[in-house]
1. Would you list, by chain and number, the lysines whose Cα falls below 24 Å from the Cα of K40, excluding same-chain residues fewer than 8 positions away?
2. What are the lysines whose alpha-carbon lies under 26 Å from the alpha-carbon of K187, with same-chain residues fewer than 8 places away excluded?
3. Any idea how far apart V248 and K167 come out in nm if each label point goes 7 Å out from Cα toward Cβ?
4. ³J(HN,Hα) across the range 76-91 via Karplus (A = 6.51, B = -1.76, C = 1.60, θ = phi - 60°), whole Hz, x for Gly/Pro?
5. Provide the per-residue ³J(HN,Hα) series for the range 28-40, in order, calculated from phi with Karplus coefficients 6.51, -1.76, 1.60 and θ = phi - 60°, each as a whole number of Hz, with x at glycine and proline positions.
6. As an exercise, use a Förster radius of 45 Å and the Cβ-Cβ distance of K187 and L41 to find the FRET efficiency, rounded to the nearest 0.05.
7. Given charges of +1 on the Cβ of Lys and Arg and -1 on the Cβ of Asp and Glu, with all other atoms neutral, how large is the dipole of the chain about its Cα centre, in debye to the nearest 20?
8. Kirkwood Rh over Cα pairs of the chain into Stokes-Einstein at 25 °C, 0.890 mPa s: D in µm²/s?
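All of the numbers you see were taken from the coordinates with simple rules; none came from a lab. Here the structure is a predicted model, which is why all the values come from computation and not from measurement. Ideal geometry is used to build each Cβ from the backbone, glycine not excepted, and the neighbour counts take in all protein chains shown.
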Amino acid sequence: MAITNFAELIEAARAAGPKRVAIAAPHSAEILASAEELWKLGIATCHLVGDRPTIEAIAREHGLDLSGMAIVHEPEPMRAARHVVALAREGQADVVAKGQLKTPQILGAALDRERGIRGGNLLTHVGLFEIPGFGRIIYMSDSGVILQPTIEQKLIIIRNVVEVAHKFGLRMPKVAILAATEVVDPKVPISIEALALARMAEQGWVEGAIVDGPLTLDVAISPEAARLKGVDSPVAGEADILIVPGVVAGNTAAKAIQYFAQGRMAGLVVGAKVPIIINSRADTADTRLLSTAMAVVLAAH
């Protein structure tokens with residue numbers, strides 16, 4: 001059965017857990033609160049790697065219980081990143097998570113050719129969104145890792161997010177490759193790439209999904225918009241997965257869903273040996289909990 005909302009995601013994570021989550025630099029109340037909740041729900045046991053006095057002071061100030069978690073004192077952010085990656089590489093962690101450090105630091109440690117956790121595939125970000133008024137989860141990729149993907153990279157982005165959707169129970173997800181127009185225009189290279197990717201999917205380059213593009217966002221998710229614009233597509237109005245042109249568009253769309261539409265988000269990086277959570281330092285405890293639940297379900301596969 002497909003996961004259609006975040007309540008079902010939490011239940012799936014509870015059934016799959018607890019998994020071991022290693023967090024680098026967990027120096028915020030939101031991070032520690034989500035870690036406590038994950039432990040209480042039986043989703044994850046967290047391994048905290050950072051400045052111990054800071055971690056313990058935050059926990060005392062906010063009344064958080066860290067008794068079910070291991071704490072390793074490593075105040076230097078890059079060393080903390082390398083430590084959590086080493087735990088995953090040595091089979092002592094099922095998920096790696098970024099705390100109060102920069103995304104390039106955790107991904108740099110993960111991609112280290114000698115001491116990292118490369119999985120033989122391109123690392124890409126997959127976001128899940130629960131939006132008021134929608135009866136399904138919307139997937140979006142890549143809104144966090146690859147700045148301006150090439151057509152070859154977009155093909156891998158599509159494959160990676162389709163694989164995630166399959167693990168979440170979608171047997172044949174519908175994938176919309178987004179552009180500013182539904183019409184192929186030689187002056188808009190993204191529209192040409194979208195058409196090429198859709199045809200490649202038809203030829204078997206993407207398995208287990210229906211892919212079409214170029215499609216605008218409204219046509220991809222609104223049956224009424226597709227009808228009014230006269231767009232005849234098996235994906236129009238019914239997209240499960242949105243493939244964005246690049247990180248700027250994807251990051252902006254993700255933030256708009258959260259801040260304007262009061263949507264909720266879970267997200268992480270796939271393609272490594274274990275899921276990597278790269279939540280923004282401004283993310284809430286709820287977003288961090290949901291992202292870890294997503295990672296736990298994926299780690300169970």
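1. Within the straight-line cut-off, K40 pairs with K19, K98.
2. K154, K229
3. It is 3.1 nm.
4. Values, residue by residue: 7, x, 5, 5, 5, 4, 5, 5, 5, 5, 4, 4, 5, 4, 8, x Hz.
5. 8, 5, 5, 5, 5, 5, 5, 5, 5, 5, 4, 5, 5
6. Working: r = 51 Å, r/R0 = 1.14.
The formula returns an efficiency of 0.30 here.
7. Numbers: 29 positive and 32 negative charges, 108 e Å.
For this selection, approximately 520 debye.
8. Values: Rh = 19.6 Å.
Value of D from the Cα-based Kirkwood radius: 125 µm²/s.
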